[in-house]
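Undergrad: Got a structure here, written out as structure tokens. Questions coming.
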Amino acid sequence: MQEGLSNAGSGISHAVDTHREKEKLLAENESLTRRVNELESKLTNTQLKQNELERLEGLLQLSKDYDQYKTTGARIIAKGTSNWFTTFTIDKGSADGIKKDMNVIADNGLVGCVTSVGKHYANVRSIIDDDSNVSASVSTTEDDMIITGGIEQAQKTGLISFSGLRDTDNKVKEGDAVVTSNISSKYLPGILIGYIAEKKDDTNALTSSGTITPVVDFSHLSEVLVITELKESGN
């Protein structure tokens, strides 16, 4: 009888110890889980800060590349319904000296221009928007062309179209840089747009059409530079 009670007591004690051990392990597991979550959150924040730093450094370099123009940085606070940045809103407006038709740049070149301005915001149309047209020229030959926006093509291929290129000497080649033209009514001259991806002769045998690879990634934009001066004259 005594031995039975002793065995029973030993069993109960073992069960209690096992339960306590499980509770201890569960508590340690919860603590480790919280610690892992905290570390993951810190890593995420660190990566976000690093990404932001890289973007801001890119804008600083861009402002140096176009130091012939005065610029101001702005953040994108809203955009249109498309996943791509065809139209968007920035956090600076007339109170910051922003005016309609001011040029907007990012990455390595032209994004678009300001279309309307409020006191503390401005709306921008990018060059891939369906309603966008840009007078441009090939940097090596100074032959002019018209770049037309097209969101469907941009989404499918990452390219934008050009037409009306008069390349009578057939000197324009794939990979040639395309910049804003002196004859543009809105865009300041010499801003990089992209590079010739494809060129084909038109049926009239006088002009060429084709596509350009833009230097701006229109699917990922967070900050931009606004050139705070306007084109004085143009056709």
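Since every read-out is calculated from the coordinates, none of them should be taken as a lab result. Being a predicted model, the structure only gives us computed values, none of them experimental. Note that we place each Cβ from the backbone using ideal geometry, even for glycine, and neighbour counts take in every protein chain shown.
Undergrad: If a residue must be touching a residue at least 60 places away in the same chain (Cβ under 8 Å) and polar (S, T, N, Q), how many such residues does segment 137-161 contain?
TA: Counting residues in segment 137-161 that are touching a residue at least 60 places away in the same chain (Cβ under 8 Å) and polar (S, T, N, Q) gives 1.
Undergrad: Starting from residues that are in contact with a strand residue (DSSP E or B) (Cβ under 7 Å, 6 or more places away or on another chain) and surrounded by fewer than 17 Cβ atoms within 10 Å (Cβ to Cβ), keep the ones in segment 85-96 and report whichever is farthest from LEU110 (Cα to Cα).
TA: SER94
Undergrad: Oh, and also: Taking strands (runs of 3 or more DSSP E) that do not extend beyond segment 157-235, which have at least 2 residues that are within 16 Å of SER132 (Cβ to Cβ), touching a strand residue (DSSP E or B) at 6+ places or on another chain (Cβ under 9 Å) and not aliphatic (A, V, I, L, M)?
TA: 160-165, 208-214
Undergrad: Let me ask something else about it. Is at least one residue of segment 75-84 surrounded by 20 or more Cβ atoms within 10 Å (Cβ to Cβ) and not in a loop (DSSP other than H, G, I, E, B)?
TA: Scanning segment 75-84 turns up no residue that is surrounded by 20 or more Cβ atoms within 10 Å (Cβ to Cβ) and not in a loop (DSSP other than H, G, I, E, B).
Undergrad: I've got another one for you. Which condition number does SER116 fail, the rest of (1) outside any loop (DSSP other than H, G, I, E, B); (2) touching a Gly at 6+ places or on another chain (Cβ under 8 Å) being met?
TA: Among (1) outside any loop (DSSP other than H, G, I, E, B); (2) touching a Gly at 6+ places or on another chain (Cβ under 8 Å), SER116 violates only (2).
Undergrad: Those residues that are closer than 17 Å to VAL216 by Cα and among the polar types (S, T, N, Q), I need them from segment 90-115; list them, please.
TA: Across segment 90-115, the qualifying residues are ASN103, ASN108.
Undergrad: Hey, does segment 88-98 have a residue that's within 21 Å of THR180 (Cβ to Cβ) and assigned to a helix (DSSP H, G or I)?
TA: Looking for residues that are within 21 Å of THR180 (Cβ to Cβ) and assigned to a helix (DSSP H, G or I), one finds none in segment 88-98, hence no.
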